[in-house]
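Single-structure report; data block below.
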4 protein chains.
Amino acid sequence: MDRVRITIVGGSGYTGGELLRILLHHPGAEVVKVTSERFPGRPVGQVHPNLRGRTELRFSSAETLAPCDLLFLCLPHGETARRIDGFLSLAPRIVDLSADFRLKDPADYEKWYGFAHPRPDLLGRFVYGVPELHREAIRRASLVAAAGCNATATILALHPLHAAGLVGERGAVVEVKVGSSEGGNAPSPATHHPERAHCLRSYKPAGHRHQAEVLQELGAKGPVRVHFSATAVDLVRGLLATAHVFPNEPVEEKQVWRIYRQAYGDEPFVRLVKSREGTYRYPEPKLLWGTNGCDVGFEADPQGGRLVVMAALDNLVKGGAGQAVQCFNLMHGFPETAGLEFPGLHPV
Amino acid sequence: MDRVRITIVGGSGYTGGELLRILLHHPGAEVVKVTSERFPGRPVGQVHPNLRGRTELRFSSAETLAPCDLLFLCLPHGETARRIDGFLSLAPRIVDLSADFRLKDPADYEKWYGFAHPRPDLLGRFVYGVPELHREAIRRASLVAAAGCNATATILALHPLHAAGLVGERGAVVEVKVGSSEGGNAPSPATHHPERAHCLRSYKPAGHRHQAEVLQELGAKGPVRVHFSATAVDLVRGLLATAHVFPNEPVEEKQVWRIYRQAYGDEPFVRLVKSREGTYRYPEPKLLWGTNGCDVGFEADPQGGRLVVMAALDNLVKGGAGQAVQCFNLMHGFPETAGLEFPGLHPV
Amino acid sequence: MDRVRITIVGGSGYTGGELLRILLHHPGAEVVKVTSERFPGRPVGQVHPNLRGRTELRFSSAETLAPCDLLFLCLPHGETARRIDGFLSLAPRIVDLSADFRLKDPADYEKWYGFAHPRPDLLGRFVYGVPELHREAIRRASLVAAAGCNATATILALHPLHAAGLVGERGAVVEVKVGSSEGGNAPSPATHHPERAHCLRSYKPAGHRHQAEVLQELGAKGPVRVHFSATAVDLVRGLLATAHVFPNEPVEEKQVWRIYRQAYGDEPFVRLVKSREGTYRYPEPKLLWGTNGCDVGFEADPQGGRLVVMAALDNLVKGGAGQAVQCFNLMHGFPETAGLEFPGLHPV
Amino acid sequence: MDRVRITIVGGSGYTGGELLRILLHHPGAEVVKVTSERFPGRPVGQVHPNLRGRTELRFSSAETLAPCDLLFLCLPHGETARRIDGFLSLAPRIVDLSADFRLKDPADYEKWYGFAHPRPDLLGRFVYGVPELHREAIRRASLVAAAGCNATATILALHPLHAAGLVGERGAVVEVKVGSSEGGNAPSPATHHPERAHCLRSYKPAGHRHQAEVLQELGAKGPVRVHFSATAVDLVRGLLATAHVFPNEPVEEKQVWRIYRQAYGDEPFVRLVKSREGTYRYPEPKLLWGTNGCDVGFEADPQGGRLVVMAALDNLVKGGAGQAVQCFNLMHGFPETAGLEFPGLHPV
């Protein structure tokens, strides 16, 4: 089998590093080029120290970009949209990991990102990259916009309930707890270790941009309200979304089980996690470090007429590079789990 | 000034250790006895290693209990209620740190704790120990039930809003994130370091007992719904309560500021924390480690008609021993901050 | 190719979990049975939560042990030696992960473990399982004693220097820093999260048992003194050995490079890590979490006539289950890296 | 009693923050000014968030410096020496927290710091600020150079042994493990949380500058060799020095106890920590967070003819601002423990 010839544009960040980690061991992929404007000429293993000795690849400048089979784009938000024509001329398929083509409505970019999208004409051509929702469209897609990490967890937590009409009029209150790698690899006073360590910090109690993706994706099944807050915790990787939902009518636990089993029973990367005993009774992000899994669980609060749904994932994998590779596998007809078999560690 | 002669019953746990740390440096207190059934005869510094060289005290068995001025009771829930007559005969004043006398309605003990309270006649005699709500009653009280940690944070976050009629019909969704010291000092599989480290774990998505205290205290101002969930994070100390509230009508930020300033402007231990810039824009528990402070902040979400309120504290201090000493100070006419001046550390 | 039929005896601990994680994805292995006396009948994924949904295996009692191709033994020290005859009758090959057959000299068991070895006759039949030292012997072995984690790191740090005659008369001072998973999965007061978190704790300043293995293995090349201390740090996985060596004569850095390159240049799991710049200039354990790698680096201290050598690894993988599988690969003629390709994560 | 009027020069860093925390609660000190060139005009509580609501002080520019009773200087190394004449004209007493006046021999600055000291004439006038060694000189001093954190721990670990002639010809191998606050508050790639978290990192295996202070201070009692290495661990505060010493002749444990008791028995801030059982058998830095204590312990290794000595402290307190205040107390005749009574937290 010929390997798919891949270029990673903007490969020196955390997402680029994860793409490299996964693709270097992927049976159907060959990374032919990886660009970085900060580190041209530098061996990949110097920038991504886990890959020392694993590859001879060096970073190139974007000036050297050449035609290939597929581009993974890991550029800062705004940059991809600005340079999209160049990228389209290089490869028949693109997976973009920025937010630039996730939203369908240009007005949403003005509202949530405060920027006038330069290429609204292309928004409709990108498929939103959550395979659990858009598997068939991704298989046929040439352009995929990989989903945001918080959005992926929130969508996977709520989508089945919403589709079943169980998210009541009051919508969902979603509190996402996240690790520090979500912010990328640029140092700042807030990410300085003595400040960021031991943190339990509301960093975005309202107005988080990923909310736009959630509303768009759940909204396809009818109007929905999502009240979103994000809190930083002392982890590097990992994200737990806790969604509080108030169905219009009381719901039996059995019914909820059925809904989630129907939605995810055949999914290769979503597990239902809910036990009566033991330490890990609900989804726990650390068990998913390095994996492409999303664990989903729930608990009913009959007294309060509430359903609490949790979804955990690794923000850099299922919330980033891993889900992008999952889309790539679908686009190219590989087994969906190719390159994504790592089961995670315990204890960790 | 004569020092108040104090006995701590059940002093080998984390709360007992904090009481000792605070009271050994309190200008008006003299700890004359501290009991422990596990470590009778053992020097206090062997069990609470921070106190090595700070005191000559040794633990005694409860059999040696003798009359004194005030008892701090740090016994497992259920134990205090069972032995209360003995304690009442020993001292004119008691501060109980268990949950046994926090609730007024015996039915609440059956509902939330599953136990038939043996002394419902006494429930009305204990004052609920949150000075910000019951300062005058505590001054006059001979019996105080120190509040739970999650309850204290939630109450301090919501009380001013609720009193102002701003917690709408939908009530509040409260998500509390807590460190491991909340669970006490008994090892278990779930608290084993390799399991508890890096955790981000829904440990009580619904049905948490502290909810009963919150409902009781807020309910005094009219009916209220509180939807409570607790998540364990990788901290030893510290608790952040995030409350999502949906006022019936839009609220201006100014108005919220005014409400909280009015409620807490003169409080010695509650700070309003809300900045537009910097790393610490909202309440952050780690800054409060070892202090009796509770930091409260908020953010409006105009798009969602939501108000997000955060309250942070150290679960063992303002959520435990510190607040108990604050009550003690009021009961004995000491300055309210006596022994509680530690300002917290940064960085940490 | 027929898969090797494997039984894991004592599979509910951390080492057993790692063996399962690795072997379930190993192309040449089939785990036909895994025993646990604590959890007979329980699905493996309930005890090792990372493996939920990855296997249908359930734990069995040791009473059900049946013949197979190879046994991995993960029993408490002492237990293997006591039951060895039974195990020998079950499989032609055994890899023992306890300390029971690591030492050649029965007197060493009395000295370091304080126990009279019940089967000194068998000590000579086990090959010490560090492939970098005993590759050919392991290939031919039917019995392998997988090495201890601290010992593996110390041996890999010092062996090339010692073989080159550069560990002077004064020997080496070795300080090992280790995470909490080294202690296994049994909760205790010292491993309770509030106590073990943030620790920086001399737990074995002198007299550590792994020293015996180090002396035996290095001693094969002539007498050596090793002064060993172990300090616990706030990690779950990971171990860094820092060895301070005082060569009899000044050594050039180039010479040291040459020695290590010659020793490890072709090794699949040992990397030399030493850079002039960057964050990861020397070996760093976290980059090796989940991998079978051991990173080795060094720095000369010309002023002090000292050579500082560092070796990092994951105590549960290269210091445990991974190295055991590496030995298994050699014993069965598989590629040495089979099942052990995971490159590690960054950031983490 | 009139309070001593204090100015802190360079008060926006971590050491400045600690000085403020301590001095704002010191019965004999009044901080009249604190300078910062980065934050002139800014309230102290905005930069040191633990001090919000604790002081009305604002930062001033150094241009506004005015005469006062004592200056604490917290400037970057090199800066103090350059501006020393100006400072000398402002106050009769100075405590300098930089390295600029710690060493007596100008040649040491060239050797260890690579800089030609601009004012070698003043080196002899500063007293090295470790009260346990120079109490009487500090009492009489007008100029004190507060000691480095690693140096303080190493000196307190080794000084009694060295004075007793028990550090043999081979000297001491000292491995110091440190938290991230030691590096100050400037963000960098290496201190970015995703990189610095979980670290176990040789950052200075040889050539650490604090070694110069150690050699100077121990050298006063005769020649000594100290082989020093520093490893970064995942803590914010805290430092553990482990010193391996090889006495020329076998030493009894009793004798070592006697030596340390004699040296530190009356010291207000040094505790001897050595127990046969329990979790905290040796010095543990986390118990000292926020305190001015230094815990010292030891263990004999009779097999190896070695003595292992450990010293723990909080690098920002006993290794920084706290020790500076201890010197200040001595210089002004306050009780040595004034402002430094905080006993530390447990659990933490």
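Evaluate the following for A:Leu240: is it in contact with a helix residue (DSSP H, G or I) (Cβ under 9 Å, 6 or more places away or on another chain), closer than 23 Å to A:Tyr128 by Cβ, hydrophobic (A, V, I, L, M, F, W, C) and at the interface with chain B (Cβ under 8 Å from one of its Cβ atoms)? Steps first, please.
Values: in contact with a helix residue (DSSP H, G or I) (Cβ under 9 Å, 6 or more places away or on another chain): yes; closer than 23 Å to A:Tyr128 by Cβ: yes; hydrophobic (A, V, I, L, M, F, W, C): yes; at the interface with chain B (Cβ under 8 Å from one of its Cβ atoms): yes.
Answer is yes for this residue.
Kindly provide the set of residues from segment B:111-134 that are in contact (Cβ under 8 Å) with a residue 60 or more places away in the chain and either outside the structural domain of B:Phe72 (by TED's automatic domain parsing) or exposed (fewer than 15 other Cβ atoms within 10 Å of the Cβ) (or both), ordered by number.
Across segment B:111-134, the qualifying residue is only B:Lys111.
How many of the residues in segment A:163-187 are more than 9 Å from chain B (Cβ to nearest Cβ) and surrounded by fewer than 24 Cβ atoms within 10 Å (Cβ to Cβ)?
Qualifying residue count, segment A:163-187: 11.
Which one of the conditions (1) farther than 29 Å from A:Phe342 by Cβ; (2) surrounded by fewer than 22 Cβ atoms within 10 Å (Cβ to Cβ); (3) of a type in the set (Lys, Arg) does C:Arg102 fail to meet, given that it meets all the rest?
Answer for C:Arg102: the failing condition is (2).
Within the group D:Ala300, D:Ala230, which residue is more than 8 Å from every other protein chain (Cβ to nearest Cβ) and at pLDDT 95 or above? Even if it seems obvious, please write down each step before you answer.
On the way: D:Ala300 fails: more than 8 Å from every other protein chain (Cβ to nearest Cβ).
Unique residue meeting the criteria: D:Ala230.
Give the number of residues within segment C:19-32 that are surrounded by fewer than 24 Cβ atoms within 10 Å (Cβ to Cβ) and either part of a strand (DSSP E or B) or free of Cβ contacts under 8 Å to residues at least 24 places away in the same chain (or both).
Total meeting the criteria: 3.
For the structure I just gave you, tell me whether A:His77 is of a type outside the set (Phe, Trp, Tyr), surrounded by 17 or more Cβ atoms within 10 Å (Cβ to Cβ) and part of a loop (DSSP other than H, G, I, E, B). Spell out how you get there, then give the answer.
Working: of a type outside the set (Phe, Trp, Tyr): yes; surrounded by 17 or more Cβ atoms within 10 Å (Cβ to Cβ): no; part of a loop (DSSP other than H, G, I, E, B): yes.
So A:His77 fails the test.
Taking segment C:35-48 only, how many residues are out of contact with any Phe, Trp or Tyr (no Cβ under 6 Å at 6 or more places or on another chain) and not polar (S, T, N, Q)?
7
Examine segment D:259-275 for a residue that is farther than 15 Å from B:Asn50 by Cβ and more than 24 Å from the chain's Cα centre (by Cα), and state whether such a residue exists.
no
Going residue by residue through segment D:206-218, is there one that turns out to be facing chain C (nearest Cβ under 9 Å), among the acidic types (Asp, Glu) and touching a helix residue (DSSP H, G or I) at 6+ places or on another chain (Cβ under 8 Å)?
No, segment D:206-218 contains no residue that is facing chain C (nearest Cβ under 9 Å), among the acidic types (Asp, Glu) and touching a helix residue (DSSP H, G or I) at 6+ places or on another chain (Cβ under 8 Å).
D:Tyr260 fails exactly one of the following numbered conditions: (1) within 24 Å of D:Val144 (Cβ to Cβ); (2) assigned to a helix (DSSP H, G or I); (3) in contact with a strand residue (DSSP E or B) (Cβ under 6 Å, 6 or more places away or on another chain); (4) outside the structural domain of D:Gly11 (by TED's automatic domain parsing). What is the number of that condition?
Status for D:Tyr260: all satisfied but (1).
Quick one: in segment A:188-223, of everything that is in contact (Cβ under 8 Å) with a residue 60 or more places away in the chain and surrounded by 19 or more Cβ atoms within 10 Å (Cβ to Cβ), which residue is farthest from the chain's Cα centre (by Cα)?
Among them, the one singled out is A:Leu218.
Among the residues of segment A:40-68, how many are surrounded by fewer than 18 Cβ atoms within 10 Å (Cβ to Cβ), touching a Ser or Thr at 6+ places or on another chain (Cβ under 9 Å) and part of a loop (DSSP other than H, G, I, E, B)?
Of the residues in that region, 6 qualify.
Identify all residues within segment D:277-304 that are among the β-branched types (Val, Ile, Thr) and assigned to a loop (DSSP other than H, G, I, E, B); write none if there are none. Please lay out each step first, then the result.
Kept after step one, since they are among the β-branched types (Val, Ile, Thr), are these residues of segment D:277-304: D:279, D:291, D:296.
Residues satisfying the conditions are D:Thr279, D:Thr291.
Can you name the condition, by its number, that B:Asn248 falls short on among (1) within 11 Å of chain D (Cβ to nearest Cβ); (2) surrounded by fewer than 19 Cβ atoms within 10 Å (Cβ to Cβ)?
The number of the failed condition is (1).
If you check every pair at least six apart or on different chains, which have Cβ atoms under 9 Å apart with a residue in segment A:85-108 that is in a helix (DSSP H, G or I) first and a residue that is charged (D, E, K, R) and surrounded by fewer than 18 Cβ atoms within 10 Å (Cβ to Cβ) second?
Note: pairs meeting the criteria are A:Asp85/A:Arg119.
Residues of segment C:265-279 being more than 30 Å from D:His192 (Cα to Cα) and either in contact with a helix residue (DSSP H, G or I) (Cβ under 7 Å, 6 or more places away or on another chain) or surrounded by fewer than 12 Cβ atoms within 10 Å (Cβ to Cβ) (or both), which ones? Walk me through it before giving the result.
Step one: filter segment C:265-279 for residues more than 30 Å from D:His192 (Cα to Cα), giving C:265-268.
The answer is C:Gly265, C:Asp266, C:Glu267.
I'm checking my understanding of the structure. Among residues of segment C:310-348 that are surrounded by fewer than 24 Cβ atoms within 10 Å (Cβ to Cβ) and among the acidic types (Asp, Glu), which one is farthest from the other protein chains (Cβ to nearest Cβ)?
Result: C:Glu336.
Could you say whether any residue in segment B:5-18 is surrounded by fewer than 16 Cβ atoms within 10 Å (Cβ to Cβ) and away from chain D (no Cβ under 14 Å)?
no
Would you check which residues across segment C:310-327 are assigned to a strand (DSSP E or B) and either small (Gly, Ala, Ser) or free of Cβ contacts under 8 Å to residues at least 40 places away in the same chain (or both) and list them?
First, pick out the residues of segment C:310-327 that are assigned to a strand (DSSP E or B): C:310-313.
If the condition is that a residue be assigned to a strand (DSSP E or B) and either small (Gly, Ala, Ser) or free of Cβ contacts under 8 Å to residues at least 40 places away in the same chain (or both), then C:Ala311, C:Ala312 are the ones that fit.
Is it true that some residue in segment C:334-341 is under 15 Å from the mean Cα position of the chain (by Cα), at pLDDT 95 or above, in a loop (DSSP other than H, G, I, E, B) and closer than 16 Å to C:Tyr264 by Cβ? Give the steps one after another, and end with the answer.
So in segment C:334-341, the residues under 15 Å from the mean Cα position of the chain (by Cα) come out as C:340.
Applying the additional criterion that residues be at pLDDT 95 or above yields C:340.
Still in the list and also in a loop (DSSP other than H, G, I, E, B): C:340.
Okay, now just the ones that are also closer than 16 Å to C:Tyr264 by Cβ, so none.
Scanning segment C:334-341, I find no residue that is under 15 Å from the mean Cα position of the chain (by Cα), at pLDDT 95 or above, in a loop (DSSP other than H, G, I, E, B) and closer than 16 Å to C:Tyr264 by Cβ, so the answer is no.
What about C:Leu122, is it over 19 Å from the mean Cα position of the chain (by Cα), farther than 14 Å from C:Glu213 by Cα and among the aliphatic types (A, V, I, L, M)? First the steps, then the outcome.
On the way: over 19 Å from the mean Cα position of the chain (by Cα): yes; farther than 14 Å from C:Glu213 by Cα: yes; among the aliphatic types (A, V, I, L, M): yes.
Spelling it out, C:Leu122 is indeed over 19 Å from the mean Cα position of the chain (by Cα), farther than 14 Å from C:Glu213 by Cα and among the aliphatic types (A, V, I, L, M).
So, D:Leu307, is that one in a loop (DSSP other than H, G, I, E, B), in contact (Cβ under 8 Å) with a residue 12 or more places away in the chain, surrounded by 23 or more Cβ atoms within 10 Å (Cβ to Cβ) and not polar (S, T, N, Q) or not?
Numbers: in a loop (DSSP other than H, G, I, E, B): no; in contact (Cβ under 8 Å) with a residue 12 or more places away in the chain: yes; surrounded by 23 or more Cβ atoms within 10 Å (Cβ to Cβ): yes; not polar (S, T, N, Q): yes.
No.
The values are calculated or read from the model by the stated rules, or taken from the named source; none is laboratory data. Computed from a predicted model, the values in this text were never measured in an experiment. Neighbour counts are summed over all protein chains in view; Cβ atoms, including those assigned to glycine, are modelled from backbone coordinates with ideal geometry.
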